[in-house]
Each structure stands twice: as structure tokens, then as C-alpha cells.
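Below is one structure, written out as C-alpha cells, with a few remarks after it.
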Protein chains: 2
Amino acid sequence: MKISFIGAGNVAWHLSQALETANYDIETVYSRNPSNARALTQQLYNAQVHRGLDFLDSNSEIFFLCVSDDAMEEVIRNLSLPSGAILVHTSGSKTLNELQELVDVYLDETIRTGVFYPLQTFTKMFHVNFSEIPICLESSNLDVENLLITLAQSISDVTYAVNSEERKSIHLAAVYACNFTNHLWGIAQDLMKKNDLEFKLLEPLIKETLRKALESEDIFAVQTGPARRNDQKIIQRQIGALKNNTGYKKIYESITEDIIDKNTI
Amino acid sequence: MKISFIGAGNVAWHLSQALETANYDIETVYSRNPSNARALTQQLYNAQVHRGLDFLDSNSEIFFLCVSDDAMEEVIRNLSLPSGAILVHTSGSKTLNELQELVDVYLDETIRTGVFYPLQTFTKMFHVNFSEIPICLESSNLDVENLLITLAQSISDVTYAVNSEERKSIHLAAVYACNFTNHLWGIAQDLMKKNDLEFKLLEPLIKETLRKALESEDIFAVQTGPARRNDQKIIQRQIGALKNNTGYKKIYESITEDIIDKNTI
């Protein structure tokens, strides 16, 4: 089965290579920035750069739409797909209906839609092991759903049928669990650097915190630290130390307040 | 060498057992709550519960003060130690001077002081591998410092001489990197549970986020997600989904704002 990619960002980068490793044939890659498409095709065996969004002559059955939510409408407005094709987005936050509505508005042909959301953070330079990545699938068409299941199972051991509302909740939870924690680690690294201290010092502590959290039925219950003890002396002193950084201070206050609330209810 | 513990909380629990494993003799354990002291002595070979804070007859050379910063003054006010004893606190946020001043005010005997801060989160039920835990040491007395180094090296491969200002910075960084991230994972778990979704789904994503952060010279540079892209549609929709939880919403807004600021400067 032939597959094309629309978008050549972090998700397309990893997903196309994983599917190729599972013996699917990646036919073409399109990107608004052709040099990105070129870079990705160089990682693939036979894929060609596709210029423009006219895929009417394509032999692909499935088109993976790996563009940001913001760009989705503009891309679909200019898209032409062969009749019978399947268009699948890989976003955590866009509903299946939103995709289908754009397809209904802008595409004349009968196009079936689906969602193929790999629950992972992707960065081009970092290799990922797809087999452990949960893939969240959705389609209103049974044939498409079965096809997505087959595709997903060929690259991952963990596949889930997840509806759009559930996927939104997962995406929101992931923003806290991953994007926001990454930012907190960035702040910690910044605070250490400013005092000529190695971030590496915190590594065992971070790993142990994660281990405890992953083993906990209730992560709030294993909370430690000054906010957990409502130790106002330390809290006020730490807020004082942040007086020159309004952003860090607001984050400190909002999280501390919520931890204290959780423990005094 | 004999050692006594004042306090029987999470730090005393793990540190006393690690020192005993390294062949130090834990003589007594005091706790304001004697049943806590009892529970800890049951984990140790010969340690006795010490009732009250009069240690004048003790044979211990070192006394580990493992109480919360808030309780420190009250404990030292009632403390009697044999002349020549060494009193060491294990706190990340209390300076050596603050400890020395309390000792000067409340204790008649010549007591030397030091800091022995294991940079780790401790929970009684969770076994920790001390050998990887960085231990931050401080003393104004060379003999005490050397003794603390010997003690630290007997249980850990990673020991650092760190002054009080540096230790405060480490502690603040650790609050972000560990206490606060734990809370964010708690929120993610809560959001998943509310939608009958397993938190385990997020595990590969969390582990990958951590792996990338630990490998990054600049953690802010590997940031992903809607705030990093300043994707206001998703951001506003997610804030909307949090309208019933002011605490989560404030945290979302404060971190998102800081990520956007970092990427638009």
C-alpha cells in the first residue's frame, strides 16, 4: 500500500520512517517548505518530493496530514486528492468532525477521514522507539478504522480506539505532564546555570520523583516539598529569591497555591 | 563512631539505614512522636528510642537533626548535647549560619555544626539507592568537613562541598524540577481519571520528554506543544476546558505565558 505525507515536520519525520520500516511504501512527501520535504525523502527509500497540493495522479491510498492545527484549513482548501482516498490527521487536539467538515467544504471527491495520533513528543534529532508509543485511532468508517488499526499495529504494540473528546482530554493531560514539566525542568536548569551549578546534580532526584509518580495510584499523595508542608517561611523566601523574574514567580505561586489547596481541603 | 538521629521522618528513615549499612553505629533515635522513633529503631540493629532531648550522657559524636525547618528552633531550644558533639542538619533551605546561631543562643556547650543535605526526595515506603544521591556538605570547621566527607563517601559516590547560598539555589531549582513536576503529573493523572482514561497511556511520552531534557544543554530549546508554537486556538480551547478548575487554569496560564515569552524575546 502506498502512503503520502502532507507535511514534513517532527511527526511526519518519525512516522513515515516507522511505516517504511514496517514495509509500507512512502510515495511522496509534500511540505510548504520544499527543503524540509527534500530532507525527509533523503531518509526514505523511494519517496519523492511532491510540489504543490494536487495529488489527483497519486497512487497513494492514505494521505497523512501532519501539519499544525492552524495550517490545516489552508492546506485542505488547496488540496486535491484522488477519489476514494483516505485523509488522516495526526493531531491530538483537532476533532474528527473538524477534519471532515473541512473536507466536505473544500474537496469535491469522496474522501474518507480518520485520526492517527501517536501520543509522543517528536524532535527530528531524537530517535524514538515506536513500538512503545500508544497510537490513538478514530474513524467513523469501519473500513478506515480497520485499516488504521492494521497500520498502527504494524509499528506499535499499543493501539487504542479513542474518540475526539477523549483525545482532547489526553492532549490536555499531556500538555501538563510533558510540555509543562519540560518547561519546569528548563527553569530548574536556568536557575542552576545562573549559580554555576550543574543541572546533572538534580538528575537522581528527578528520576526518583518520576519513578514514584509512575508507581502511584494517586500522585498527589506522594507530593513532597515546602508547598506540601505549607512551610510559609521557605515559600516566602523562595518567592523573594524570584523577585527579578515575574514569569518564574507566577509559576511558583500558581503551583504552590494549588498544592496547598489540595492538602487543606 | 556512634551517631544519633533527632527526628524520624523520611530523611532520617533512609539516611540512618544507609549509614548503618556503611557500618556506622546508630545509637539512638528521638522523635517528638515516639512511635515514629520506635518504627525507625525497628529497622535498625541496636538503636534505642531516645525520650526527650537531653543527650548529655550520649556516646554519639554526631547528631543528625532531621526535622523540618519550622521545628528546628524549638528542638534546639530544648536540646542538650555532650560538649564537643557535632550537630548536622539535613535541610536544603536552612543556612549553616542559621543553625550555628540557634546553637550559640540555646546551647552552652561547644558544639560544632555542619550541613549534610542529600539531594533526593524521600518517602518511607520507597527504597532509594543512596550511592547515586548527590550529598551536599558544608561546615566552617575543617575537621567537621572532613568527617562529613568521610560519612558521605561511605554511602554515596557523589559528594559536593556546597555553600549555603548555592544550596538555596539547588533547593529552589529542585522545587521546580521535582515538587512542581510531581504536581503537574498529578493534574495529568486527575484529568485522565476524570475521563476514564489510564494515566499509563502517557508514560512513554513522559519518559521521552525526560530523556530529551536530560540530554539537552538547553531544555527550553527542546520545548514542544501548543504554547511553544503560540497556537492560540488550542490554548484558548484548553483554557476553556479548565473553566471549572481555577487552580489548574492559573497553572496553565502562568506556564503558557512564560513559554510564549521565552520564544518571542
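Taken together, the values in this text are just the output of simple stated rules run on the coordinates, not laboratory data. Quick caveat, the model's predicted, so the values are computed rather than measured. Here Cβ is always computed from backbone atoms with ideal geometry, including for glycine, and neighbour counts include all displayed protein chains.
For segment A:189-227 versus segment A:124-145, the inter-centroid distance based on Cα atoms is 30 Å. Calculated FRET efficiency, residue B:51 to residue A:129, Cβ-Cβ distance, R0 = 45 Å: about 0.20 to the nearest 0.05.
Ranked from shortest, the separations from the 7 Å Cα-to-Cβ label point of residue B:244 to its equivalents in the other copies are 4.4 nm. DSSP beta bridges confined to the protein assembly as shown are antiparallel in about 15 percent of cases.
The long axis of helix B:246-264 is offset from the longest Cα principal axis of chain B by roughly 80 degrees. Taking the DSSP bridge list for segment A:89-201 and keeping only pairs wholly inside it, about 50 percent are antiparallel.
Rounded, prolate or oblate: pick one for the protein assembly as shown, where a ≥ b ≥ c are the square roots of the eigenvalues of its C-alpha gyration tensor, a/c under 1.5 means rounded, and failing that, prolate if a/b is larger than b/c, else oblate. Note, shape of the protein assembly as shown comes out prolate.
Of all aspartates and glutamates in the structure, those lying under 18 Å Cα to Cα from residue A:212, and not within fewer than 8 positions of it along the same chain, are A:203, B:132, B:190, B:198, B:203, B:208.
Bridges between two residues of chain A, per DSSP, are antiparallel at a rate of about 15%.
Restricting segment A:127-218 to GluC sites (Glu not before Pro) that sit in a DSSP loop and have at most 13 other Cβ atoms within 10 Å of their own Cβ leaves A:198, A:215, A:217.
Between residue A:42 and residue A:207, full extension at 0.36 nm per residue minus the direct alpha carbon distance yields a gain of 55.8 nm.
With the label put 7 angstrom out from Cα along the Cα-to-Cβ vector, residue B:57 ends up 10.0 nm from the copy partners, going from closest to farthest.
Taking Cα atoms only, the orientation of helix B:181-194 departs from the longest principal axis of chain B by about 50 degrees.
Once fully extended, how much extra length lies between residue A:104 and residue A:214, figured as 0.36 nm per residue of separation less the alpha-carbon to alpha-carbon distance? Computed gain between residue A:104 and residue A:214 is 35.3 nm.
Under 18 Å from the Cα of residue B:262, which lysines turn up, not counting those fewer than eight places away in the same chain? Within reach: A:193, A:194, A:243, A:249, A:250. Taking trypsin sites (Lys or Arg not before Pro) across segment B:1-75, the ones in a DSSP loop with at most 16 further Cβ atoms lying within 10 angstrom of their Cβ are B:32, B:51. Segment A:34-86 and segment A:2-18 have their alpha-carbon centroids 9 Å apart. Across all C-alpha atoms in segment A:2-162, the radius of gyration and Dmax reach 14.2, 39 Å.
Take each residue in A:233-244, count the other chain C-beta atoms within 10 Å of its C-beta, and the mean is 3. Only Lys, Arg, Asp and Glu carry charge here, each on its Cβ (+1 for the first two, -1 for the last two); on that basis segment A:168-264 has a dipole of about 280 debye about its Cα centre. Only the Cβ atoms of Lys and Arg (+1) and of Asp and Glu (-1) were treated as charged; on that basis the dipole of chain B about its Cα centre amounts to roughly 1480 debye. Dipole of segment A:18-175 computed with +1 at Lys/Arg Cβ and -1 at Asp/Glu Cβ about the Cα centre; of A:84, A:66, A:113, farthest Cα towards the positive end is A:66.
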